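The values are calculated or read from the model by the stated rules, or taken from the named source; none is laboratory data. Remember, it's a predicted structure, so these values are computed and weren't measured experimentally. Cβ placement follows ideal geometry from the backbone for every residue including glycine, while neighbour counts extend to all protein chains displayed. The accessibility values were calculated without ligands, DNA or RNA, using every heavy atom of the protein model including side chains. Shrake-Rupley method; radii C 1.70, N 1.55, O 1.52, S 1.80 Å.
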Amino acid sequence: TISIGAFLAKLLGALYRIPLTNIIGTEAIGLYQMVFPLYCILLTISSTGIPNSLAKIISEKGNAKGVLITALKVFVPLGVTGTLVMLALGYPLAFLQGNIRAGLGYLTLAPSVFLTSIISCFRGYFQGKLNMTPTSISQVIEQLVKLLVGLAFGFAFKNSPTLSAGLCALAVTISELVTVGYLYYLFRKKYS
């Protein structure tokens, strides 16, 4: 199930970039892409490896809820720190990159660092309980929301490269928020 979800998520991600570039244009897509190097670094620090590590601990030792709570206590503060770093460095980095207009993208993408930490913890929790479906479905939801919201923002603000780039970055944050909502709902419904 995870490989099917990952494949569909990657396919949706690839389908997103082609029309987005055509809608918002190369200048806006350039602004949009400027914010992702810092974002990827912060994601690496705040959430990489969490699902696999949690899944292993839960499957070996049990106490899934306790492990999840501990993981959230550790990784949510890391995610919040990453979000604050991105908020603080957004405009200075945009200035250093030579285009201050990319600053809006840093601000709108920043909350997704925190949200991704939560997503990673919940995915690890479900995988540790040998339920791969929530991870697969959440990956598809994440990409689908990003595609729909991002294209809607891009189309609505295509005449403003700054706004379209910043709001397309916001679409990533919205997709992460919807994914957190889905995983939390599932957790409360089935496992709490």
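Measure nothing but the geometry: give the 0 to 90° angle between the long axis through the Cα atoms of 111-128 and the longest principal axis through the Cα atoms of the chain, rounded to 10°.
30
For the range 37-180, give the percent of accessible area contributed by carbon and sulfur heavy atoms, probe 1.4 Å, rounded to a whole number. Before the final figure, lay out the partial values.
Values: 4610 of 6370 Å².
Accessible surface attributable to carbon and sulfur in the range 37-180 totals 72 percent.
Excluding residues fewer than 8 places away in the same chain, name every one of the lysines whose C-alpha is closer than 18 Å to that of K158.
Leaving aside lysines fewer than 8 places away in the same chain, those within reach of K158 are K146.
May I ask for the angle, rounded to the nearest 10°, between helix 133-156 and the longest principal axis of the chain, with both axes built from Cα atoms and the value confined to 0 to 90°?
20
Quick one: pull the percentage of alpha-carbon pairs in the range 102-172 with a separation above 21 Å. Don't skip to the end; give the middle numbers.
Details: 920 of 2485 pairs.
Across the range 102-172, Cα pairs with separations above 21 Å total 37 percent.
Might you tell me the accessible area per residue for the chain, computed with a 1.4 Å probe and given in Å²? If you can, show how the numbers build up before the last one.
Details: 9220 Å² over 192 residues.
For the chain, the solvent-accessible area averages 48 Å² per residue.
Limiting things to C-alpha atoms, what are the Rg and the maximum Cα-Cα separation (Dmax) for the chain, in angstroms?
17.2, 55
Straight distance only, please: which lysines reach the Cα of K73 with their own Cα at less than 27 Å, same-chain residues fewer than 8 apart left out?
K56, K61, K65, K129, K189, K190
How do the peptides 73-85, 119-131, 26-38, 138-150 rank, highest first, by the average count of neighbouring beta carbon atoms within 10 Å per residue? Please report the intermediate quantities before stating the final value.
Numbers: 73-85: 17.2, 119-131: 22.1, 26-38: 19.0, 138-150: 20.5.
Going from most to least packed, we get 119-131, 138-150, 26-38, 73-85.
Taking 2.2 N^0.38 Å as the expected size of a compact globular protein, what ratio does the Cα radius of gyration of the range 57-117 give against it, to two decimals? The partial results should precede the final answer.
Numbers: Rg = 16.3 Å, N = 61, 2.2 N^0.38 = 10.5 Å.
Cα-based Rg divided by the globular estimate yields 1.56.
Between the range 47-123 and the range 147-188, what is the C-alpha centre distance in whole Å?
Each part reduced to its Cα centre gives a spacing of 17 Å.
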